[in-house]
Amino acid sequence: MHRRPERDDRAMTERPADLPEPPPDLPVRGQLEPQGATKATPESNVRPAPEIPLDRSRAASTWTGLVIGVLVLILLLVFILQNLDPVTMEMFVWEFTLPLGVSLLLSAIAGALVMALAGGVRILQIKRAAKRR
């Protein structure tokens, strides 16, 4: 059975003879400098690097878009819940009754789809013209 040697705390605090002494301008480990004492060192004349602004990332843009989207959805929910009066709508031969808020929301969605369709057609025209050149 192997026996561990007893620990000698004196050996931990004494400096081994084979290590060189630290330079005089550096504090020895465990010693604190007096408060308010500053030494002029070449490093103190160096200016800190200016802060570089971070570019916006896709994740940051996505996060911002999601937060704005959630806020818009909350506003839409409040709008619909405050406008629950039934409204009769007629389209061609169909007749149906919906809450006012829902019918206005559906109208806005229909308008956005028409706008997206017109924008999509224009994008296709521009792509075709670019391929010809």
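The values are calculated or read from the model by the stated rules, or taken from the named source; none is laboratory data. Please read all numbers here as calculations on a predicted model, not as lab measurements. Heads up, the Cβs are rebuilt from the backbone with ideal geometry, glycines too, and the neighbour counts pull from every protein chain shown.
General remarks:
- Test for Arg29: is it of a type in the set (Lys, Arg), at pLDDT 70 or above, assigned to a loop (DSSP other than H, G, I, E, B) and loosely packed, with under 10 Cβ neighbours inside 10 Å: no
- Reported count of residues in the stretch 95-133, each being over 29 Å from Leu73 (Cα atoms), hydrophobic (A, V, I, L, M, F, W, C) and outside any helix (DSSP H, G or I), is 0.
- Qualifying residue in the stretch 70-89 (condition: charged (D, E, K, R), in contact with a helix residue (DSSP H, G or I) (Cβ under 8 Å, 6 or more places away or on another chain) and either at pLDDT 90 or above or assigned to a helix (DSSP H, G or I) (or both)): yes
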